[in-house]
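Below you'll find the structure, written out as structure tokens, and then a few comments.
The values are calculated or read from the model by the stated rules, or taken from the named source; none is laboratory data. For clarity, every value in this text was computed on a predicted model and none was experimentally measured. Neighbour counts are summed over all protein chains in view; Cβ atoms, including those assigned to glycine, are modelled from backbone coordinates with ideal geometry.
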């Protein structure tokens with residue numbers, strides 16, 4: 001028997017054979033008998049298409065890294081989609097979308113023309129929420145392990161930011177809200193606001209924002225802060241802000257990052273690694289304006305304090321000068337008075353001193369005359385005293401001997417005598 005192109009006569013065909021249609025019907029029958037009514041299946045949405053007739057068609061895949069190891073078609077019929085879709089959105093905050101991992105309740109369908117597909121009956125919203133949280137926790141743990149969670153927090157944010165880089169979508173309502181709030185502030189504060197346009201949701205958002213960070217870092221301008229803002233959205237629309245690569249860049253960026261991603265209750269990882277997390281773009285603008293107002297208030301308080309302190313200092317110095325002036329005037333007056341008194345005393349002394357000296361001299365002279373008169377030998381002789389001399393000298397303690405001649409003087413006579421005996 002030769003292989004290749006060969007033609008068997010009809011009469012030689014096997015008796016038990018099937019047409020393809022018959023075989024597919026057989027497979028369908030066997031599978032429907034052997035399989036359960038439905039199964040819970042974990043799969044990733046590879047593609048999704050909502051048809052105009054209300055049916056939702058999906059391509060479901062299972063990946064090992066980037067390798068697709070399984071693939072199947074899935075269908076949510078219009079009547080089921082009308083029930084599943086609103087519930088899913090209300091509970092998860094997002095639409096069914098490409099790249100989302102879901103837990104499906106589906107029955108196995110085999111169509112003789114279209115082949116195998118999954119007839120989706122339900123979607124477990126708790127699995128979707130939990131899967132999102134699991135991924136978030138994995139990213140947080142990785143950032144913590146690398147020790148970069150607090151790096152941006154530790155940067156110093158100037159109290160007055162004058163050069164600001166804004167990462168947002170130019171057409172986003174959040175960007176418009178921020179600009180209106182900042183530029184129309186009642187205090188007329190101004191700053192340099194430079195927009196770096198980026199995609200702010202979806203799978204391309206992390207890469208787009210990272211590219212903006214590179215542009216800011218390479219810019220010649222010295223930006224003092226970065227504002228990352230977008231308008232409100234569903235929780236799942238914000239999943240891009242839980243991306244590891246994006247959050248690692250934000251955490252390690254050398255400029256303080258302020259986030260206003262527009263969700264009230266939940267915090268994204270971008271919020272957690274940023275320097276300051278605020279709820280909305282408007283809140284970011286209010287925060288910056290508030291810091292400027294605080295700075296101006298502090299400056300005004302210091303100005304008032306300095307003015308008051310200066311006024312008090314001037315008052316004290318004026319009082320001190322007045323007191324010194326009063327003391328100077330009083331001291332000068334006293335000096336003049338003392339000087340006048342001393343002059344008067346000197347004048348008085350000058351006027352009366354010569355006469356006093358003359359009088360005193362006269363008194364002294366008279367006293368001297370009296371002393372001279374009192375000690376005059378003649379006066380003593382007149383009183384009956386006499387003076388004895390030996391050898392011409394008054395006799396006092398000299399040694400004398402018999403035969404010496406003595407002369408005795410009285411008031412009226414001089415008597416000469418010779419010593420005969422000495423007792």
Reported set for segment 264-287 where residues are in contact with a helix residue (DSSP H, G or I) (Cβ under 6 Å, 6 or more places away or on another chain) and more than 17 Å from residue 225 (Cβ to Cβ) is 268, 269
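Return yes when residue 238 is assigned to a helix (DSSP H, G or I), buried (at least 21 other Cβ atoms within 10 Å of the Cβ) and at pLDDT 95 or above and no when it is not.
The answer is no for residue 238.
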Among residues of segment 44-63 being over 22 Å from residue 79 (Cα atoms) and in contact (Cβ under 8 Å) with a residue 40 or more places away in the chain, the residue farthest from the chain's Cα centre (by Cα) is 46
Counting only residues in segment 112-158 that are modelled with pLDDT under 95 and part of a loop (DSSP other than H, G, I, E, B), the one nearest to the chain's Cα centre (by Cα) is identified as 124
Among (1) touching a residue at least 12 places away in the same chain (Cβ under 8 Å); (2) in the same structural domain as residue 282 (by TED's automatic domain parsing), residue 131 falls short only on (2)
Kindly check whether there is at least one residue in segment 167-190 that is modelled with pLDDT of 95 or more, within 18 Å of residue 152 (Cβ to Cβ) and crowded, with 22+ Cβ neighbours inside 10 Å. yes
Residue hits (segment 371-415; touching a helix residue (DSSP H, G or I) at 6+ places or on another chain (Cβ under 8 Å) and either assigned to a loop (DSSP other than H, G, I, E, B) or modelled with pLDDT under 75 (or both)) are 373, 379, 410, 411
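Based on what the data block shows, is residue 71 assigned to a strand (DSSP E or B), in the same structural domain as residue 39 (by TED's automatic domain parsing), more than 19 Å from residue 38 (Cβ to Cβ) and in contact (Cβ under 8 Å) with a residue 12 or more places away in the chain?
yes
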